[in-house]
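Here, each number is a calculation from the coordinates, and none is a lab measurement. Keep in mind that what you see is a predicted model, and the values were worked out from it rather than measured. When we count neighbours, we look across all protein chains shown, and the Cβ atoms used for this are built from the backbone with ideal geometry, even at glycine.
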Ligand code: ADP
Ligand code: MG
């Protein structure tokens with residue numbers, strides 16, 4: 001996929017959870033501060049790579065749900081509208097942080113960027129609609145989680161609300177995204193996994209769900225042709241026996257090993273599972289290197305020096 005005539009394309013998927021660190025309340029100041037670490041690296045990388053940034057929205061979309069449930073004065077909005085809101089909110093935060101970082105490097109007028117509202121098509125018959133698995137919003141203790149009016153699951157972080165997370169079928173704006181990267185724009189897209197829609201004839205209708213941003217990113221990578229895929233999260237990579245005394249972070253692994261660990265239940269649904277699956281899909285579809293890494297190691301991950309690495 002790479003050619004000597006153009007820069008390689010790098011897709012960085014930023015974790016929504018990495019914008020609000022464990023133990024933080026998630027104030028806007030904390031989120032802006034947390035964003036500086038990945039965005040500073042991406043600004044530097046933009047000199048050598050074409051860049052696509054996707055981002056999660058788990059904590060943010062869950063907070064919007066909670067906020068609207070605390071208020072009876074205005075009508076409730078469905079999840080797909082809240083996902084669209086988080087694309088605006090986080091897209092704006094990434095853009096303004098990127099602008100400051102490019103300015104510090106003195107290249108803000110050379111490096112253009114844009115955030116794009118993106119829809120992602122899902123299957124209305126996806127079994128995920130009857131089995132919510134994606135954690136969103138804040139972490140509760142077990143005692144706090146009892147009696148809540150919505151489904152809750154135990155996750156490695158604690159108890160969290162879960163929503164339906166159908167699989168991405170196609171990115172509606174793939175042609176626009178491809179054109180923009182060919183024109184050397186940094187493109188921020190597929191925020192929160194994309195606004196989930198189903199096809200109704202020639203039109204689209206939104207559905208109540210949140211698509212996993214790592215699976216949406218892998219689909220986007222396949223559809224627009226990406227060379228390098230970095231999934232930046234709040235852990236150093238994918239670990240075996242996560243959260244136990246035998247925990248061991250994985251370095252370079254083969255697709256086959258990744259598939260085996262996944263099928264043995266080492267990586268749970270809704271968090272590390274989709275990251276490993278996205279990396280497997282990317283490399284199997286001809287991508288050069290996929291890395292799951294911490295937000296402060298993005299540059300090292302690009303050159304294969306950090307994180308859990310899958311390569312062709
Ligand atoms: P993001 O917002 O970056 O997508 P997620 O919560 O979806 O974050 O996924 C990252 C989380 O996955 C980590 O915070 C960690 O708690 C959890 N996790 C579960 N299993 C593993 C594992 N085997 N190795 C590493 N992290 C894991
Ligand atoms: Mg996630």
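If you find the alpha carbon centre of region 170-249 and of region 13-42, how far apart are they in angstrom?
For region 170-249 versus region 13-42, the Cα centre distance is 18 Å.
As a check on your grasp of the helix formula, calculate [θ] at 222 nm for the chain: sum -39500 (n - 2.57) over DSSP H runs of n ≥ 4, divide by the residue count, round to the nearest 500.
Calculated at 222 nm, the ellipticity per residue is -11000 deg cm²/dmol.
Starting from the Cα coordinates of region 59-210, work out the convex hull volume and express it per residue in Å³.
It comes to 151 Å³ per residue, whole-number rounded.
Considering only 141, 155, 293, give the residue with the highest GNM mean-square fluctuation for the chain, with springs between Cα atoms whenever their separation is below 10 Å.
Taking springs between Cα atoms under 10 Å, the residue moving most is 141.
Can you quote the Å³ per residue value for the convex hull of the Cα atoms in the chain, rounded to an integer?
142 Å³
Can you give the % of DSSP beta bridges in region 212-312 that are antiparallel, to the nearest 5?
Antiparallel bridges make up about 45 percent of those DSSP assigns within region 212-312.
Averaging sequence separations of C-alpha pairs under 8 Å and six or more residues apart, then dividing by the length of the chain, give the relative contact order as a whole percent.
With pairs under 8 Å counted, the relative contact order is 22 percent.
Need one number: nm distance between label points at residue 285 and residue 184, each 7 Å from Cα along Cα→Cβ, rounded to one decimal.
Placing both labels 7 Å along Cα→Cβ, they lie 2.7 nm apart.
Could you give the length gained by full extension between residue 129 and residue 28, i.e. 0.36 nm per residue of separation minus their alpha carbon distance, to one decimal place?
In short, 33.2 nm is gained.
Out of all DSSP beta bridges in the chain, what portion is antiparallel? Express it as a percent rounded to 5.
Counting only bridges with both partners in the chain, antiparallel ones make up about 45 percent.
What is the extension gain from residue 208 to residue 21, computed as 0.36 nm multiplied by their sequence separation minus the C-alpha to C-alpha distance, in nm to one decimal?
The residue 208-residue 21 span can extend by a further 64.7 nm.
Apply the a/c threshold of 1.5 to the C-alpha gyration tensor of region 149-222 and tell me whether it is rounded, prolate or oblate.
Here region 149-222 falls in the oblate category.
Residue 110 to residue 175: FRET efficiency via 1/(1 + (r/R0)^6), r the Cβ-Cβ distance, R0 41 Å, to the nearest 0.05?
The pair residue 110/residue 175 has a calculated efficiency of 0.95.
Cα convex hull of region 164-312: mean projected area in nm², to one decimal?
If you wrap the Cα atoms of region 164-312 in a convex hull and average its projections, you get 9.7 nm².
I'd like the FRET efficiency for residue 236 and residue 76, computed as 1/(1 + (r/R0)^6) with the beta carbon distance as r and R0 of 45 Å, rounded to 0.05.
Calculated transfer efficiency: 0.70.
Determine the equivalent ellipsoid of region 11-101 by diagonalising the alpha-carbon gyration tensor, then write out the semi-axes as square roots of 5 times the eigenvalues, largest first, rounded to whole Å.
Each semi-axis is the square root of five times an eigenvalue, giving 27, 14, 10 Å.
Comparing 186, 107, 53, which has the greatest mean-square fluctuation in the GNM of the chain with Cα pairs linked when under 10 Å apart?
Result for the chain, Cα springs under 10 Å: 107 fluctuates most.
For residue 257 and residue 144, compute 0.36 nm times the residue count separating them, minus their Cα-Cα distance, and round to one decimal in nm.
Here the answer is 36.8 nm.
Given the options 217, 100, 115, which has the most mean-square fluctuation in a GNM of the chain, springs set between C-alpha atoms less than 10 angstrom apart?
100
Modelled label-to-label distance, residue 6 and residue 67, 7 Å Cα→beta-carbon offset: nm?
3.8 nm
Express the relative contact order of region 156-300 as a whole percentage, based on alpha carbon pairs under 8 Å and six or more residues apart in sequence.
It comes to 25 percent, rounded to a whole number.
Using the Cα atoms as the points, what is the convex hull volume per residue of region 33-83 in Å³?
Considering the Cα atoms of region 33-83, their hull volume per residue is 100 Å³.
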